[in-house]
Amino acid sequence: METAPSAPRLTLSGTVAIAATVTLILGGLALLSPSLLASGLCGALLILAARLLAARHLRGFTVERELPRRARAGESFPMELMLRPGPAFPGGVHVHITDSLAPILNAREFSPDPSRRITWKVTGLTHRRGPLVPRPWMITSTWPLGLFLTEARGLPRDLQPLLVHPRPWLPPALEHRLEELSLEAAERPFETPDPLSEFRLLREFRNGDAVRGIHWPTSLRTGRLQVAETERPRPKPNRYGILLHSHETPGSVVTPESFELVLRIATGLLLRFQRDEIPLIFSQAPFPPVSLKGRSDFSRQLDSLAHSRRQPLRGLQFLENKAGKDPFEECDEVFVIGDSPLEHWEEAAHRCFSCCTCLDPGTLTSRSRPGLRTIARHSP
């Protein structure tokens, strides 16, 4: 987006030049000196010409940015910044550019070529989750004589929108709990694959192979016996659940930072389960639960967390009153995360879920690294 520059402001050199010009003019009038008066008038014309040139040389500047589609709050990401000078910009002029998304460019001096576009590959950084809100860029210049400072501001044109996810974070206590669950899963009984299920590959029949493993359609086409191999027995897969809520009690104080921390923890869990390919039931009360199985499901849920807004709940109906079949019943563990004090809703969570881990970010008071109170309880 191009914009008109602001009115030029005097620099220190400009103030001195105007003072000297006024002195020459007044001295020429007082002393009736044509030379002093002519020098003062020439200086005034020079200052006026410098102001006119300074007011128009930044007109027509445009800034475009090529951003990734996804990024994380507080983490750097690659981006391209493309700047095109306007038609009135002269060559060999040094200017300074400032962009809030690319701090490395702040106040950097450069001399753009008016005949072509300049492209920089830089590192961007933002600390707010959600859709990126464009902020104005600024270009400053003291051309032509350093007498005036001219600023041009405008909103950049992004070639594609950027969605900023919450920065993932798993507290040490929660990571320890996840390791315990992984060890428990490794000791679970094996499940035998269904011989009639989808097979992984075909191979030729060998001595000792079961006849029921022969894949007859392929064998008839090739004229040789082919055996369909299914997956080997493996431990039964984990099934986890995540429930986010913003339960409030009268008189309680909940800060926005608590909700942002809940989103960071939920993002860390989603990325962990996505990496381990663990199916998940996810819900942010009061919205209904959704099933996450594939990478696309997890990606959509991460996008949803980036847009998430706090939904305050006055009661515990989202835990106590459940109509129909509860999708969390099939979960081996449910992570219940709230941004309010744990003692207000912990007992209701354990009555609702047979195996759950309750997390309360309200106790994050450590100065060096936040700590987290994690309570895991298995109901009889």
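Can you say whether L174 is surrounded by 17 or more Cβ atoms within 10 Å (Cβ to Cβ), in a loop (DSSP other than H, G, I, E, B) and not small (G, A, S), as far as the supplied structure shows? Show your work before the answer.
Working: surrounded by 17 or more Cβ atoms within 10 Å (Cβ to Cβ): yes; in a loop (DSSP other than H, G, I, E, B): no; not small (G, A, S): yes.
For L174, the condition - surrounded by 17 or more Cβ atoms within 10 Å (Cβ to Cβ), in a loop (DSSP other than H, G, I, E, B) and not small (G, A, S) - is not met.
Tell me which of these T126 doesn't satisfy, since it passes every other one: (1) surrounded by fewer than 16 Cβ atoms within 10 Å (Cβ to Cβ); (2) modelled with pLDDT of 85 or more; (3) in a loop (DSSP other than H, G, I, E, B).
Among (1) surrounded by fewer than 16 Cβ atoms within 10 Å (Cβ to Cβ); (2) modelled with pLDDT of 85 or more; (3) in a loop (DSSP other than H, G, I, E, B), T126 violates only (1).
Can you list residue pairs whose Cβ atoms sit under 6 Å apart, with the first residue in region 94-120 being in contact (Cβ under 8 Å) with a residue 12 or more places away in the chain and under 12 Å from M138 (Cα atoms) and the second being aromatic (F, W, Y) and not in a helix (DSSP H, G or I)? Count only pairs 6 or more apart in sequence or on different chains.
Listed by first residue and then by second, the contacts come to D99/W137.
List, please: which pairs have Cβ atoms under 7 Å, are six or more places apart or on different chains, and start with a residue in region 171-189 that is assigned by TED's automatic domain parsing to the domain that holds I265 and end with one that is of a type in the set (K, R) and at pLDDT 85 or above?
L178/R272
Taking into account only those residues within region 172-194 that are modelled with pLDDT of 70 or more and more than 18 Å from R275 (Cα to Cα), which is farthest from the chain's Cα centre (by Cα)?
Here is the first cut: in region 172-194, the ones modelled with pLDDT of 70 or more are 172-185.
Adding the requirement that they be more than 18 Å from R275 (Cα to Cα) leaves 172-173, 184.
On the way: P172: 23, A173: 25, E184: 34 Å.
Only one residue fits best here, namely E184.
Quick one: how many residues across region 19-67 are of a type outside the set (D, E, K, R), closer than 30 Å to P136 by Cβ and part of a helix (DSSP H, G or I)? Before the answer, list the steps.
Pass one, region 19-67, residues of a type outside the set (D, E, K, R): 19-50, 52-55, 57-58, 60-63, 67.
Subsequent filtering for residues that are closer than 30 Å to P136 by Cβ retains 47-50, 52-55, 57-58, 60-63, 67.
This time we only want the ones that are part of a helix (DSSP H, G or I), so: 47-50, 52-55.
Here the count works out to 8.
Is it the case that some residue within region 75-84 is on the phi < 0 side of the Ramachandran plot, part of a loop (DSSP other than H, G, I, E, B), under 36 Å from the mean Cα position of the chain (by Cα) and at pLDDT 90 or above?
Within region 75-84, the first condition is being on the phi < 0 side of the Ramachandran plot, and the residues that meet it are 75-84.
Applying the additional criterion that residues be part of a loop (DSSP other than H, G, I, E, B) yields 75-76.
Filter again for under 36 Å from the mean Cα position of the chain (by Cα), leaving 75-76.
Now narrow it down to the ones that are at pLDDT 90 or above: 75-76.
Yes, region 75-84 contains at least one residue that is on the phi < 0 side of the Ramachandran plot, part of a loop (DSSP other than H, G, I, E, B), under 36 Å from the mean Cα position of the chain (by Cα) and at pLDDT 90 or above.
Could you give every pair whose Cβ atoms fall below 8 Å, whose first residue belongs to region 12-33 and is at negative phi, and whose second residue is surrounded by fewer than 18 Cβ atoms within 10 Å (Cβ to Cβ) and among the polar types (S, T, N, Q), counting only separations of at least 6 or pairs across chains?
Once the first residue is at negative phi and sits in region 12-33, its partners that are surrounded by fewer than 18 Cβ atoms within 10 Å (Cβ to Cβ) and among the polar types (S, T, N, Q) give L24/S39; G27/S33; G28/S35; G28/S39.
Just one of R264, R224, R272 is surrounded by fewer than 19 Cβ atoms within 10 Å (Cβ to Cβ), basic (K, R) and under 23 Å from the mean Cα position of the chain (by Cα); which is it? Give the derivation first.
On the way: R264 fails: surrounded by fewer than 19 Cβ atoms within 10 Å (Cβ to Cβ); R224 fails: under 23 Å from the mean Cα position of the chain (by Cα).
Step by step, each of R264, R224, R272 is checked, and only R272 is surrounded by fewer than 19 Cβ atoms within 10 Å (Cβ to Cβ), basic (K, R) and under 23 Å from the mean Cα position of the chain (by Cα).
Please verify whether P90 is more than 30 Å from G28 (Cα to Cα), in a loop (DSSP other than H, G, I, E, B), over 38 Å from the mean Cα position of the chain (by Cα) and in contact (Cβ under 8 Å) with a residue 40 or more places away in the chain, treating the condition exactly as stated.
yes
How many residues are out of contact with any Phe, Trp or Tyr (no Cβ under 8 Å at 6 or more places or on another chain) and more than 24 Å from P168 (Cα to Cα) if we restrict to region 123-152? Spell out how you get there, then give the answer.
Residues of region 123-152 out of contact with any Phe, Trp or Tyr (no Cβ under 8 Å at 6 or more places or on another chain): 126-138, 140-141, 143-149, 151.
Adding the requirement that they be more than 24 Å from P168 (Cα to Cα) leaves 135-138, 140-141, 143-149, 151.
Count: 14.
What residue, of D113, D158, D99, is modelled with pLDDT under 90 and touching a strand residue (DSSP E or B) at 6+ places or on another chain (Cβ under 7 Å)? Before the answer, list the steps.
Details: D113 fails: touching a strand residue (DSSP E or B) at 6+ places or on another chain (Cβ under 7 Å); D158 fails: modelled with pLDDT under 90.
Just one listed residue meets the conditions, D99.
Out of all the residues in region 212-220, is one or more at pLDDT below 65 and touching a Ser or Thr at 6+ places or on another chain (Cβ under 9 Å)? Give the steps one after another, and end with the answer.
Just the residues of region 212-220 that are at pLDDT below 65, to begin with: none.
For region 212-220, residues at pLDDT below 65 and touching a Ser or Thr at 6+ places or on another chain (Cβ under 9 Å): absent.
If you take the residues of region 93-113 that are among the acidic types (D, E) and in a loop (DSSP other than H, G, I, E, B), which of them is surrounded by the most Cβ atoms within 10 Å (Cβ to Cβ)?
Let us first name the residues in region 93-113 that are among the acidic types (D, E), namely 99, 109, 113.
Filter again for in a loop (DSSP other than H, G, I, E, B), leaving 99, 113.
Details: D99: 24, D113: 11.
Once the filter is applied, the top-ranked residue is D99.
Check every one of the helices (runs of 4 or more DSSP H) wholly within region 291-380 and list those with 2 or more residues that are at pLDDT 80 or above and either surrounded by fewer than 16 Cβ atoms within 10 Å (Cβ to Cβ) or more than 24 Å from the chain's Cα centre (by Cα) (or both). Can you show your working first?
On the way: elements: 295-307, 317-320, 346-352.
By residue number, 295-307, 346-352.
The values are calculated or read from the model by the stated rules, or taken from the named source; none is laboratory data. A quick note: this is a predicted structure, and the numbers were derived from the prediction, not measured. We place every Cβ from the backbone using ideal geometry, glycine too, and count neighbours over all the protein chains shown.
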